[in-house]
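**Q** My questions will all concern the structure given below.
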Amino acid sequence: MVELKAFDFKNVQTHFKWNNDEELNFYDSDYPHQVESFESFLHRVKNEVRENPSTELLEIHSDNNELIGVIDIHDIDQYNLRCTLECTIGNKMYWRQGYGREAMVKSLNYCFETLKMNKVITAAFDFNEPWISLVEKIGFKKEGVLRQHTFKKDRFHDKLLFGMIRSEYNEVMKANYEKQAMIS
């Protein structure tokens with residue numbers, strides 16, 4: 001259903017549009033929405049993609065090769081073998097249809113199998129119940145709460161931290177493999 005591809009600067013206008021989308025910002029950012037200029041956005045993304053070895057940006061493409069979202073793997077720590085994973089389905093026509101789940105599973109595979117991480121971390125605001133449900137169903141465990149961490153819509157919200165370690169990932173993959181074998 002989805003394919004992860006390297007960040008392609010030919011798609012930078014689409015990424016720029018998502019970056020300046022107030023609704024996406026509400027779910028993704030600790031900070032209030034502010035429109036960023038194209039030049040500033042381009043400079044920031046070039047820096048992340050080309051010069052920051054602790055960050056990888058991947059694009060999420062649908063089965064018809066349409067760019068629908070972005071995966072941000074950051075804080076890649078080769079010593080402690082951990083990283084942080086964020087997923088945004090920027091094309092809202094693809095929300096709540098399983099694309100985010102599949103992109104996260106493929107991203108976990110990339111983090112554990114290609115990057116050789118031992119732990120992957122993700123986060124969610126307390127009001128984002130669909131995302132919380134998704135990461136828990138995938139196999140992430142709630143590890144902590146940053147209480148009253150961000151101010152949105154005139155009140156403070158908690159940010160929930162989730163983690164998955166390699167042994168949990170291996171169990172999830174084994175369960176998925178067995179489930180697929182039963183269907184076949």
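The values are calculated or read from the model by the stated rules, or taken from the named source; none is laboratory data. Bear in mind the structure is a predicted one, so any value in this text is a computation, not a measurement. Note that we place each Cβ from the backbone using ideal geometry, even for glycine, and neighbour counts take in every protein chain shown.
**Q** What are the residues in segment 5-36 that are within 24 Å of Asn128 (Cα to Cα) and not in a helix (DSSP H, G or I), if any?
**A** If the condition is that a residue be within 24 Å of Asn128 (Cα to Cα) and not in a helix (DSSP H, G or I), then Asn20, Asp21, Ser29, Asp30, Tyr31, Pro32, His33, Gln34, Val35 are the ones that fit.
**Q** Let me ask something additional. Check every one of the strands (runs of 3 or more DSSP E) wholly within segment 113-169 and list those with 1 or more residues that are surrounded by fewer than 17 Cβ atoms within 10 Å (Cβ to Cβ) and not basic (Lys, Arg). Write out each step before concluding.
**A** Values: elements: 119-125, 141-152, 155-165.
Strands (runs of 3 or more DSSP E) meeting the threshold: 141-152, 155-165.
**Q** Hey, could you check segment 51-84 for residues that are touching a Phe, Trp or Tyr at 6+ places or on another chain (Cβ under 9 Å) and among the aliphatic types (A, V, I, L, M) and say which is nearest to Leu115 (Cα to Cα)?
**A** In the first step, residues of segment 51-84 are kept if they are touching a Phe, Trp or Tyr at 6+ places or on another chain (Cβ under 9 Å); the result is 56-60, 62, 66, 68-71, 73.
Adding the requirement that they be among the aliphatic types (A, V, I, L, M) leaves 57-58, 60, 68, 70-71, 73.
Values: Leu57: 13, Leu58: 14, Ile60: 18, Ile68: 24, Val70: 18, Ile71: 14, Ile73: 10 Å.
Result: Ile73.
**Q** So how many residues does segment 75-96 have that are acidic (Asp, Glu) and either assigned to a helix (DSSP H, G or I) or within 25 Å of Val12 (Cα to Cα) (or both)? Write out each step before concluding.
**A** Just the residues of segment 75-96 that are acidic (Asp, Glu), to begin with: 75, 77, 86.
Right, trim to either assigned to a helix (DSSP H, G or I) or within 25 Å of Val12 (Cα to Cα) (or both) and you get 75, 86.
The total comes to 2.
**Q** Quick one: Tyr99 ticks every box in (1) under 20 Å from Asn11 (Cα atoms); (2) buried (at least 17 other Cβ atoms within 10 Å of the Cβ); (3) in contact with a helix residue (DSSP H, G or I) (Cβ under 9 Å, 6 or more places away or on another chain) except a single one, so which number is it?
**A** (3)
**Q** Does segment 57-64 contain any residue that is of a type outside the set (Asp, Glu) and over 30 Å from Ser167 (Cα atoms)? Give the steps one after another, and end with the answer.
**A** Residues of segment 57-64 of a type outside the set (Asp, Glu): 57-58, 60-62, 64.
If we keep only those that are over 30 Å from Ser167 (Cα atoms) as well, we get 64.
Yes, that holds for at least one residue.
**Q** Met104: aliphatic (A, V, I, L, M) and surrounded by fewer than 15 Cβ atoms within 10 Å (Cβ to Cβ), yes or no? Step through it out loud before you land on a result.
**A** Values: aliphatic (A, V, I, L, M): yes; surrounded by fewer than 15 Cβ atoms within 10 Å (Cβ to Cβ): no.
Taking the combined requirement at face value, the residue does not satisfy it.
Yes/no per residue for (1) at pLDDT below 95; (2) exposed (fewer than 14 other Cβ atoms within 10 Å of the Cβ); (3) in contact with a Lys or Arg (Cβ under 9 Å, 6 or more places away or on another chain):
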site: Glu3; (1), (2), (3): no, no, yes
site: Asn20; (1), (2), (3): yes, no, no
site: Tyr31; (1), (2), (3): yes, yes, no
site: Val35; (1), (2), (3): yes, yes, no
site: Arg44; (1), (2), (3): yes, yes, no
site: Leu58; (1), (2), (3): no, no, yes
site: Gly69; (1), (2), (3): no, no, no
